[in-house]
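The values are calculated or read from the model by the stated rules, or taken from the named source; none is laboratory data. A quick note: this is a predicted structure, and the numbers were derived from the prediction, not measured. Note: ideal-geometry Cβ built from the backbone for every residue, glycine included; neighbour counts use all protein chains shown.
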Amino acid sequence: MVQRNPVYLIDDDESIRDAILLNLHVDGMIAMGFPDCNAFLSNLPNLKPGCILLDLHMPTKGGLELQTELAKACIYWPIIVVTGTRDLESCRAAFRAGAVDFLCKPIGGDELREALKPAFAQLETLLERDEASLLVHQLTLREREVFDLLCRGFGTKEIAKVLAISTRTVDAHRANISTKLGTRSVAEFVHIQMLASV
């Protein structure tokens with residue numbers, strides 16, 4: 001599995017934490033363990049986006065509480081719930097809060113790899129949306145108007161007429177948009193707009 005982003009394991013059981021981290025490292029993944037939710041939260045500002053393996057039941061703060069805190073902070077990194085108990089109600093609550101999968105301990109290497117594949121795919125989509133949104137927010141109000149019309153299939157002359165500006169000004173805005181978005185293709189403009197509007 002090609003992985004650019006880390007896995008964060010939050011589990012208060014040191015032996016389980018060590019075993020899972022070893023599995024991840026053997027598979028060539030970047031992984032970091034935390035003994036509880038507070039340790040993870042205190043490090044959060046310095047962490048790059050990743051997938052979270054989260055134990056539901058911990059002494060200080062449980063996994064469901066962490067999910068709530070992350071959602072309040074608008075952090076929607078994919079979460080895979082791991083637990084040693086078959087507490088179905090807690091699992092349902094975790095899924096309602098956005099968990100992408102649920103694994104019972106002990107967790108096998110194959111099982112973990114299979115669970116991480118869709119989690120990383122979800123993270124990649126999330127990061128693409130964030131990047132597209134940041135790119136679009138760099139545009140000035142007028143550039144945004146030109147961008148929106150380009151994405152709707154309008155040509156330079158049509159945009160000039162709609163916005164009551166010269167074609168030369170439209171071309172200048174289009175050049176600025178291309179520079180800011182890092183692309184010249186209208187098809188890529190549309191793709192960026194679709195991602196940013198999700």
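From 72, 48, 61, grab the single residue that is of a type in the set (Lys, Arg), at negative phi and surrounded by 15 or more Cβ atoms within 10 Å (Cβ to Cβ). Spell out the reasoning first.
Working: 72 fails: surrounded by 15 or more Cβ atoms within 10 Å (Cβ to Cβ); 48 fails: surrounded by 15 or more Cβ atoms within 10 Å (Cβ to Cβ).
Criteria check complete, one pass: 61.
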Return yes or no: is residue 183 surrounded by 15 or more Cβ atoms within 10 Å (Cβ to Cβ), hydroxyl-bearing (Ser, Thr, Tyr), over 27 Å from residue 64 (Cβ atoms) and not assigned by TED's automatic domain parsing to the domain that holds residue 69? yes
State which residue is surrounded by the most Cβ atoms within 10 Å (Cβ to Cβ) when the search covers only segment 113-155 and only residues that are closer than 15 Å to residue 175 by Cα and in contact (Cβ under 8 Å) with a residue 60 or more places away in the chain. 136
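Across segment 76-104, which residue is surrounded by the fewest Cβ atoms within 10 Å (Cβ to Cβ) among those that are hydrophobic (A, V, I, L, M, F, W, C) and modelled with pLDDT of 90 or more? Let's see the steps before the verdict.
So the first thing to find is which residues in segment 76-104 are hydrophobic (A, V, I, L, M, F, W, C), and the list is 77, 79-82, 88, 91, 93-95, 97, 99-100, 102-104.
Then keep just the ones that are modelled with pLDDT of 90 or more; that gives 77, 79-80.
On the way: 77: 20, 79: 26, 80: 22.
Among those residues, the one meeting the criterion is 77.
Could you say whether any residue in segment 124-135 is hydrophobic (A, V, I, L, M, F, W, C) and either part of a loop (DSSP other than H, G, I, E, B) or closer than 30 Å to residue 23 by Cα (or both)? Working first, answer last.
From segment 124-135, those hydrophobic (A, V, I, L, M, F, W, C) are 126-127, 132, 134-135; that's our starting set.
Filter once more, keeping what is either part of a loop (DSSP other than H, G, I, E, B) or closer than 30 Å to residue 23 by Cα (or both): 126-127.
Taking every residue of segment 124-135 in turn, at least one turns out to be hydrophobic (A, V, I, L, M, F, W, C) and either part of a loop (DSSP other than H, G, I, E, B) or closer than 30 Å to residue 23 by Cα (or both).
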Given the criteria basic (Lys, Arg) and either farther than 30 Å from residue 48 by Cα or in contact with a helix residue (DSSP H, G or I) (Cβ under 6 Å, 6 or more places away or on another chain) (or both), does residue 157 qualify? yes
